[in-house]
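Here is the structure we will look at, set down as structure tokens.
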Amino acid sequence: MKIAFVGKGGSGKTTLSSLFVRHLAAAGAPVVAIDADINQHLGAALGLDEAEAAALPAMGEHLPLIKEYLRGTNPRIASADTMIKTTPPGEGSRLLRVREDNPVYDACARQVELDGGAVRLMVTGPFTDADLGVACYHSKTGAVELCLNHLVDGPDEYVVTDMTAGSDSFASGMFTRFDITFLVAEPTRKGVSVYRQYKEYAADFDVTLRVVGNKVQGPDDVDFLREQVGDDLLTTVGHSDWVRAMEKGRPARFELLGEADRDALRTLHTTADAAYAHRDRERYTRQMVHFHLKNARSWGNERTGVDLAAQVDPGFVLGEEAVAPA
């Protein structure tokens, strides 16, 4: 299962994505957690101290390795230098799997021990002062998009991505890479404004979107969210002493999380699992190709000096049965 958390800045999406990761780990599920937000806070939310979080390897810094590994023996890709963030897999490409060990995980992932288990954590890396004026943050998330394009996962495996805040998620095709997207919204007009943007754009690509109300203080807040988002409202979360302690760096054991919050996490879990039954592998691959061709025309062909449309393997569909070279 590929799962995204989105929402406006300050909505609590990183907190909720970290709670969901902890919930999955406590259930014994294999998890790859990805921090694709411009503000790199997922590591801290999973319990890393400042030094540990700062030491996490940035995926963007290992992009040449990622490209060379994923290229494999794909005859449609002349060299790793011609791969861009949307390059789709084809016959001969190497694929990533949640449970395996591979050079990409060796370079870019770190094991994070939680009191209920352990997860692999990957991060894009922070957007620094040195990037201002010379780099777009979405160039850093390109490594994430490339990996998601080549990642094969089953119904009992989880890839949880904390996306960049607001409508910036639409700046690439990465928002279509998930089985389900949880949008975290506060019960305010600003809190639901991102929902309206996301809902309109996501509808054109059949993105499954459900809303998680956060910082909900009573029935009036629930009623407000229901009026604004209708049946897309999945569950709500209120004040939590456990979360407050976590944000101070002093979390209790996860098993002590309040029952209401545990119920909300179980709802997210069952909803995500149910979405897997509706996975359309052909549509997933078709959308991948759509954004690749769009990028090829707008900037990719000029930048690489080759016709990137030739990288598309028309007979390839990404799925669990896809075979990659050894």
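Among the residues of region 140-161, which ones are of a type in the set (A, V, I, L, M, F, W, C) and touching a Lys or Arg at 6+ places or on another chain (Cβ under 7 Å)? Full working, then the answer.
Taking region 140-161 first, the residues of a type in the set (A, V, I, L, M, F, W, C) are 143-144, 146-148, 151-152, 159-160.
Correct list: 146, 148, 152, 159.
Restricting attention to region 248-259, and to residues there that are in a helix (DSSP H, G or I) and either touching a His at 6+ places or on another chain (Cβ under 6 Å) or surrounded by fewer than 15 Cβ atoms within 10 Å (Cβ to Cβ) (or both), which single residue is modelled with the highest pLDDT? Break it down stepwise before answering.
In the first step, residues of region 248-259 are kept if they are in a helix (DSSP H, G or I); the result is 254-256, 259.
Pick out the ones that are also either touching a His at 6+ places or on another chain (Cβ under 6 Å) or surrounded by fewer than 15 Cβ atoms within 10 Å (Cβ to Cβ) (or both) and you get 255-256, 259.
Details: 255: 91, 256: 92, 259: 95.
Looking at residues that are in a helix (DSSP H, G or I) and either touching a His at 6+ places or on another chain (Cβ under 6 Å) or surrounded by fewer than 15 Cβ atoms within 10 Å (Cβ to Cβ) (or both), I get 259.
Kindly provide the set of residues from region 66-83 that are in a helix (DSSP H, G or I) and surrounded by 17 or more Cβ atoms within 10 Å (Cβ to Cβ), ordered by number.
Taking region 66-83 as the starting set, the residues that turn out to be in a helix (DSSP H, G or I) are 66-71, 80-82.
Correct list: 66, 67, 69, 70, 71, 82.
In region 232-247, which residues are open to solvent by less than 80 Å² (accessible area, probe 1.4 Å) and not aliphatic (A, V, I, L, M)?
So in region 232-247, the residues open to solvent by less than 80 Å² (accessible area, probe 1.4 Å) come out as 232-238, 240, 242-243, 245-246.
Result: 232, 235, 236, 238, 240, 242.
In region 174-231, how many are in contact (Cβ under 8 Å) with a residue 60 or more places away in the chain, open to solvent by less than 30 Å² (accessible area, probe 1.4 Å) and assigned to a helix (DSSP H, G or I)?
So the answer is 6.
Filter region 149-173 down to residues that are of a type outside the set (A, V, I, L, M), at pLDDT 90 or above and not in a loop (DSSP other than H, G, I, E, B), then give me how many there are.
Counting residues in region 149-173 that are of a type outside the set (A, V, I, L, M), at pLDDT 90 or above and not in a loop (DSSP other than H, G, I, E, B) gives 4.
Is it fair to say residue 278 is surrounded by 12 or more Cβ atoms within 10 Å (Cβ to Cβ), at negative phi and of a type outside the set (Val, Ile, Thr)? First the steps, then the outcome.
Numbers: surrounded by 12 or more Cβ atoms within 10 Å (Cβ to Cβ): no; at negative phi: yes; of a type outside the set (Val, Ile, Thr): yes.
Here the answer is no, as residue 278 does not meet what is asked.
When you go through 29, 44, 4, 58 one by one, which is the residue that is crowded, with 22+ Cβ neighbours inside 10 Å, among the aliphatic types (A, V, I, L, M) and either under 23 Å from residue 180 (Cβ atoms) or under 20 Å from the mean Cα position of the chain (by Cα) (or both)?
Numbers: 29 fails: crowded, with 22+ Cβ neighbours inside 10 Å; 44 fails: crowded, with 22+ Cβ neighbours inside 10 Å; 58 fails: crowded, with 22+ Cβ neighbours inside 10 Å.
4 is the lone residue from the list that is crowded, with 22+ Cβ neighbours inside 10 Å, among the aliphatic types (A, V, I, L, M) and either under 23 Å from residue 180 (Cβ atoms) or under 20 Å from the mean Cα position of the chain (by Cα) (or both).
The values are calculated or read from the model by the stated rules, or taken from the named source; none is laboratory data. In this text, all values refer to a predicted model and were calculated from it rather than measured experimentally. A quick note on method: Cβ atoms are made from the backbone with ideal geometry, for glycine too, and the neighbour counts reach across all protein chains shown. Ligands, DNA and RNA are excluded from the accessible area calculation, which covers all protein heavy atoms including side chains. Shrake-Rupley method; radii C 1.70, N 1.55, O 1.52, S 1.80 Å.
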